[in-house]
Amino acid sequence: MSLMSKLLMSSIVGTLIIHAGAFDIERFVKQNVVKNPQVKVKNVKTMSTKKIPGDNTWNAYLVMVNLTFKGKAIKEPMTIFVDEKSGLATMALMDANTGTDYQRVIKPSMPESYYNEAHLIAGDKDAKHKMVIFSDPQCPFCIRYVPGVLKDFKAKKGDVALYYYHMPLLRLHPVSEVLTRVMEALQKEGKTDTAMKVYGLKISAGEKNEEKILAALKKQLQIEVSKEAIAKKEIKEAVKKDMEAATQMMVRGTPTVYFDGEFDENRAKYKQFLK
């Protein structure tokens, strides 16, 4: 659950008895989840429902809650687990035998619209298999993972296309606000390989000074991008749309990987198709 979720909503750990009959997801959210009186629930959109693996009667409702908080519109993705047969609903569900946290591993299936050429960074768009990475160039896990994936794609051939979405974690790495705009500007110029070199930058995660960040890119990586180039509305909008796309897919951390439309928890399925 995001920091915003914790601010806006109650923490429901156990199960709650729901009303008999069809489950009313919007009523459940309004009555049992959103407890902050300053928050208003405009509506709750069910994006999809998924069965919990195994022999049971639980379903996961993957929903987008549209809220207003202090006059600001907020979209908050949420997973609610429901067993309508027994009349139970909960915000957290775990397999006692395997330790699987279903809130973490169950995510929506990815629409075909995510596979567009603007986000293609390696492989052929007509490849049979498709991999999508949501990433932050200053996330320590991403710094270890993304360059390795790119190295694999360059060293081996395979029937896999690789797509990349910007997901700067601005609370943790404010510097990524500028870095993702730099990467987007380079990608729009067709310099994808140069954009991915940004992962090699050594800089304070809290740096916000644009001039210092651009100077560091030039000095360390010989990447030159002007302030004017990254200030363009189209660049800012592209990064914003990537972040909205991540929210839609319930991305809660980076790197998050999808393979052939489904969440890849171990981030390694692509290796089976590279030789």
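The values are calculated or read from the model by the stated rules, or taken from the named source; none is laboratory data. Computed from a predicted structure; not experimentally measured. Please note: Cβ atoms are built from the backbone with ideal geometry, for glycine as well, and neighbour counts cover all protein chains shown. Side chains included, ligands, DNA and RNA excluded: accessible areas come from the protein's heavy atoms. Shrake-Rupley method; radii C 1.70, N 1.55, O 1.52, S 1.80 Å.
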Open item on the list: Quick test for you: out of 202, 208, pick the one residue that is at pLDDT 95 or above, in a loop (DSSP other than H, G, I, E, B), under 23 Å from residue 232 (Cα atoms) and of a type in the set (Lys, Arg).
Closed with: 208
TODO: Go through the residues of segment 81-88 one by one and say whether even a single one is of a type in the set (Ser, Thr, Tyr) and either open to solvent by less than 50 Å² (accessible area, probe 1.4 Å) or within 17 Å of the chain's Cα centre (by Cα) (or both).
DONE: no
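Here is a yes/no grid of residues against (1) aromatic (Phe, Trp, Tyr); (2) in a strand (DSSP E or B); (3) open to solvent by 40 Å² or more (accessible area, probe 1.4 Å); (4) more than 17 Å from residue 253 (Cα to Cα):
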site: 79; (1), (2), (3), (4): no, yes, no, no
site: 97; (1), (2), (3), (4): no, no, yes, yes
site: 104; (1), (2), (3), (4): no, no, yes, no
site: 110; (1), (2), (3), (4): no, no, no, no
site: 118; (1), (2), (3), (4): no, no, yes, yes
site: 124; (1), (2), (3), (4): no, no, yes, yes
site: 127; (1), (2), (3), (4): no, no, no, yes
Open item on the list: Can you tell me how many residues within segment 129-158 are among the charged types (D, E, K, R), in contact with a Phe, Trp or Tyr (Cβ under 9 Å, 6 or more places away or on another chain) and not in a helix (DSSP H, G or I)?
Closed with: 1
TODO: Name the single residue, out of those in segment 159-175 being open to solvent by less than 10 Å² (accessible area, probe 1.4 Å) and part of a loop (DSSP other than H, G, I, E, B), that is farthest from residue 235 (Cα to Cα).
DONE: 175
Task: Qualifying position, being open to solvent by less than 60 Å² (accessible area, probe 1.4 Å) and not in a helix (DSSP H, G or I), among 251, 239, 178, 182 - done: 251
